[in-house]
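Structure first, commentary second.
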Amino acid sequence: MQRPLRDRLCALCEWLAPAACALALLGVTSAAGAAPVALKTLDVTGTPDATHLVLDLGGSASASLFTLTRPDRVVVDLKAVVVDRQRLKVPAAQGLVRKVRLAPRDGGVLRIVLEVDRQVRAHWVANENAVGEDRRLTVELAPLGADLAGATAVPAEAPAAPPERKLSLATRDLIIAVDAGHGGDDPGATGRDGTREKDVTLAVARVLAARINSEPGMRAVLTRNGDYFVPLRERIRRARVAQADLFVSVHADAVVDRSVAGSSVYVLSQRGASSEAAKWLADRENAADLVGGVSLDDKDDVLASVLLDLSQSAAMSASMVAAEKVLDELNEVGEVRKARVQQAGFVVLKSPDVPSLLIETAYITNPGEERRLRDPHHQARLAEAILTGIRNYFRENPPPGTRLAMLAASAAGSGAAGGAAAPASALRR
Ligand SMILES: [Zn+2]
């Protein structure tokens, strides 16, 4: 949390002769290469449970984040960042955010103020998406007291020294998007005793998210955390905004034959992937989205489809491996309906770059399983099994830049350079 040298020099300015100060600044500025970076887009998405501020910048910048009360606000200060007010679209009210304001301040700081409708906690979503020189920054807001992401809370009062995060920090948490199927007007399947799928999925998803948050180096993001409707595409979008490493959708199955029981795990079918690819390619001029960290809109047709195909294939094979790990663990908890991972064209599985699974935890139409689905102990066992599968998968396949990858590298004995050198070299990136 050390302040950049240039700031400390600026603070000294009034004590130095102007010429000396100018020289000092010049020297430090060119050494640090601190040309202003452009804020390209600013977006606010989400619900009253979890709202995200997403900033796309044309390069690296230092940023700080803090909250203020009376009235409640969230403030992001971006250092040496400029904005073209004619071109930047300021987003409308969304989720917890009532209004977005931005203004340049002294010292080349661009301040973004989110007026929020209640006290919130705000934290950085730890992984920035670096594409060439471009950087994406995401801030997540949750109502104070909400047990959503288990994130480190930022003090509600403005701290004397706002917490600061240098953007090229090395390790990040693994982000698991946990999706409770159905919700609100869509109850999903219903058991004979009236158990509703949407309630069971939310209960299991919440336990799973809490368990994930208690794992070192892992963090959960719930796509919904209450009984309301979230469209399927919006669930995918939330996972991608959070830059999830894995998307896990929790469901309960239903069938007319009440004797059928057991769990199943699904990944996207090839057919579902192909139709999704066609959709992405057709939409790509309108889509500001990156696929696998790459923009498609400036590529010709062939290159765009090759890049998309590579991204989808990687996501699909990762999904399959992760699904097998989860299925193995569900096998320990109870009956598995189908011993192999199933493939289908479910919409929530269609992220082109986030490995995705859909778990039918049990048959809500089977009286025994309906009873078990309602039982908090059984819900906890299901969540534990899913977590164990996820953990086993990531231990074998740690995404680069995560704490898990770093641990794996040092365990593999990368010599004397191991533990100490890795973070330092990553900082220099
Ligand atoms: Zn369902």
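How many of the residues making up the stretch 173-189 are more than 14 Å from Ile359 (Cβ to Cβ) and in contact (Cβ under 8 Å) with a residue 24 or more places away in the chain?
Initially, the stretch 173-189 is screened for residues more than 14 Å from Ile359 (Cβ to Cβ), giving 173-175, 183-187, 189.
Right, trim to in contact (Cβ under 8 Å) with a residue 24 or more places away in the chain and you get 173-175, 183-186, 189.
Adding up the residues that qualify gives 8.
Scanning the stretch 120-127 for residues that are away from the ligand (no atom under 16 Å from the Cβ), modelled with pLDDT under 85 and open to solvent by 50 Å² or more (accessible area, probe 1.4 Å) turns up nothing. Listed by first and then second residue, the pairs with beta-carbon distance under 9 Å, at least 6 apart or on different chains, first residue in the stretch 190-214 and farther than 14 Å from Ile359 by Cβ, second within 13 Å of the ligand (Cβ to nearest atom) and polar (S, T, N, Q), are Thr190/Thr365; Gly191/Thr365; Arg192/Thr365; Arg196/Thr190.
Do we have Asp106 as touching a residue at least 60 places away in the same chain (Cβ under 8 Å) and farther than 23 Å from Leu290 by Cβ here? If you could, list the steps in order and put the result at the bottom.
Details: touching a residue at least 60 places away in the same chain (Cβ under 8 Å): no; farther than 23 Å from Leu290 by Cβ: yes.
Judged against the criteria, Asp106 is not a match.
Residues of the stretch 213-241 that are touching a helix residue (DSSP H, G or I) at 6+ places or on another chain (Cβ under 6 Å) and of a type in the set (Ser, Thr, Tyr): Thr223 alone. Here Val74 clears all of (1) modelled with pLDDT of 85 or more; (2) under 20 Å from the mean Cα position of the chain (by Cα); (3) outside any strand (DSSP E or B) except the condition numbered (3). Here Ala209 does not fit the description of being under 19 Å from Pro143 (Cβ atoms), within 25 Å of the chain's Cα centre (by Cα), within 13 Å of the ligand (Cβ to nearest atom) and not in a loop (DSSP other than H, G, I, E, B).
Would you check if Gly217 is away from the ligand (no atom under 15 Å from the Cβ), more than 18 Å from the chain's Cα centre (by Cα) and under 25 Å from Leu174 (Cα atoms)? No, not satisfied.
Under the condition of being in contact with a strand residue (DSSP E or B) (Cβ under 9 Å, 6 or more places away or on another chain), away from the ligand (no atom under 16 Å from the Cβ) and open to solvent by 50 Å² or more (accessible area, probe 1.4 Å), the residues counted in the stretch 168-204 number 1. Restricted to the stretch 402-421, and to residues there that are open to solvent by less than 40 Å² (accessible area, probe 1.4 Å) and under 24 Å from the mean Cα position of the chain (by Cα), the residue that is modelled with the highest pLDDT is Thr402. Within the stretch 306-314, the presence of a residue that is at pLDDT 95 or above and of a type outside the set (A, V, I, L, M) is excluded.
The values are calculated or read from the model by the stated rules, or taken from the named source; none is laboratory data. Predicted model only: the values in this text are computed from it and were never measured. Backbone-built Cβ (ideal geometry, glycine too); neighbour counts: all protein chains shown. Ligands, DNA and RNA are excluded from the accessible area calculation, which covers all protein heavy atoms including side chains. Shrake-Rupley method; radii C 1.70, N 1.55, O 1.52, S 1.80 Å.
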